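Right, one structure below, let's go through it.
The values are calculated or read from the model by the stated rules, or taken from the named source; none is laboratory data. Bear in mind that the values here come from a model prediction, so they are computed numbers and not experimental data. We place every Cβ from the backbone using ideal geometry, glycine too, and count neighbours over all the protein chains shown.
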Amino acid sequence: MGKMIEFTRPDGAGSRGYLSEAAADNDSARPGVIVIQEWWGLNEHICGIADRFAAAGFTALAPDLYRGRLASTPDEARHLMGGLDFPDATFQDVRGAAQHLAKQCGKIGVTGFCMGGALTIAAAVHLSELSAAVCFYGIPPKEFADSGKIRIPFQGHFANQDDWCVPQLVVEIEREMQTAGVPAQVFRYDAAHAFFNATRPDVYDEANAKRAWERTLAFFRAHLSA
């Protein structure tokens, strides 16, 4: 199990997050993974994903972008997400998390879900500290982060029955990445938005979640190894 920690942003301000450390390896530094929350906040589900990464050999840090606030309804989540400064979250909190992990880890990847998926793409475009990115059903506004400008290996997991990150948007960003020569893998699942979230039985799809997790681990192991 992990713990809440404090870390420093590039601007010198403090931030906090949930850190779950992989077992020590005397031969080499463990790779690191930043886990970016859904619009609900840094809840038990996201912390649990960080723990799963640690069990798989990655030290994981999930920054608390809402500063301790959590949403329990879609309206609350929409309000919190609407109030989030996406550039600040990307260039300060996520970059600060990457710099913190770099003190103890080897290569660093980033992954995120829904809102966190959009921020994953933004981080992959803007942050030089990262070596690989895995996005789950989230796409940022193109004017903030153009997926064609990703320069690190990218893997995306999207749902065919998604009414937020709709399939046509996935087609568009995949075309942009292909045109730009981005090293990308894009997977589609016959599932609903948030199909990876086991705490939401209305949308959770166990088989597809398992398949996406296996692909994620294989991808990070391939691109974050020393």
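Condition check ((1) closer than 24 Å to residue 57 by Cα; (2) out of contact with any helix residue (DSSP H, G or I) (no Cβ under 8 Å at 6 or more places or on another chain)) across all residues:
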position	(1), (2)
147	no, no
153	yes, no
157	yes, no
172	no, yes
188	no, no
191	no, no
207	yes, yes
216	yes, yes
222	yes, yes
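Per the listing 116, 156, the residue uniquely small (Gly, Ala, Ser), farther than 16 Å from residue 215 by Cβ and either at pLDDT 95 or above or buried (at least 24 other Cβ atoms within 10 Å of the Cβ) (or both) is 116. Looking across the range 159-176, the residues that are over 23 Å from residue 205 (Cα atoms) and surrounded by fewer than 22 Cβ atoms within 10 Å (Cβ to Cβ) come down to 172, 174, 175, 176. In the range 157-164 there is no residue that is of a type outside the set (S, T, N, Q), more than 20 Å from residue 31 (Cβ to Cβ) and free of Cβ contacts under 8 Å to residues at least 24 places away in the same chain.
Quick one: which residue in 75, 51 is among the charged types (D, E, K, R), assigned to a helix (DSSP H, G or I) and in contact with a Ser or Thr (Cβ under 8 Å, 6 or more places away or on another chain)? Spell out how you get there, then give the answer.
Values: 75 fails: in contact with a Ser or Thr (Cβ under 8 Å, 6 or more places away or on another chain).
Of the residues listed, the single one that is among the charged types (D, E, K, R), assigned to a helix (DSSP H, G or I) and in contact with a Ser or Thr (Cβ under 8 Å, 6 or more places away or on another chain) is 51.
Taking the conditions exactly as written (of a type outside the set (Val, Ile, Thr), under 18 Å from the mean Cα position of the chain (by Cα) and closer than 21 Å to residue 134 by Cα), does residue 66 satisfy them or not? So residue 66 does not fit the description; no. Name the residues in the range 140-152 that are assigned to a loop (DSSP other than H, G, I, E, B) and buried (at least 21 other Cβ atoms within 10 Å of the Cβ), would you? Once the filter is applied, which keeps residues that are assigned to a loop (DSSP other than H, G, I, E, B) and buried (at least 21 other Cβ atoms within 10 Å of the Cβ), the range 140-152 yields 140, 145, 150. In the range 209-226, the residues that are farther than 17 Å from residue 113 by Cα and in contact (Cβ under 8 Å) with a residue 40 or more places away in the chain form Cβ pairs under 7 Å with partners that are of a type in the set (A, V, I, L, M) and surrounded by 14 or more Cβ atoms within 10 Å (Cβ to Cβ), at six or more places apart or across chains, as follows: 223/132; 224/132.
Which residue pairs have Cβ atoms closer than 6 Å, lie 6 or more positions apart in sequence or on different chains, and pair a first residue in the range 27-49 that is touching a residue at least 40 places away in the same chain (Cβ under 8 Å) and closer than 19 Å to residue 88 by Cα with a second residue that is buried (at least 24 other Cβ atoms within 10 Å of the Cβ) and among the aromatic types (Phe, Trp, Tyr)? The qualifying pairs are 38/113. Residues satisfying the criterion are absent from the range 194-201 (criterion: in a helix (DSSP H, G or I) and of a type outside the set (Lys, Arg)). Number of residues in the range 159-186 that are within 20 Å of residue 33 (Cβ to Cβ) and within 16 Å of the chain's Cα centre (by Cα) equals 3.
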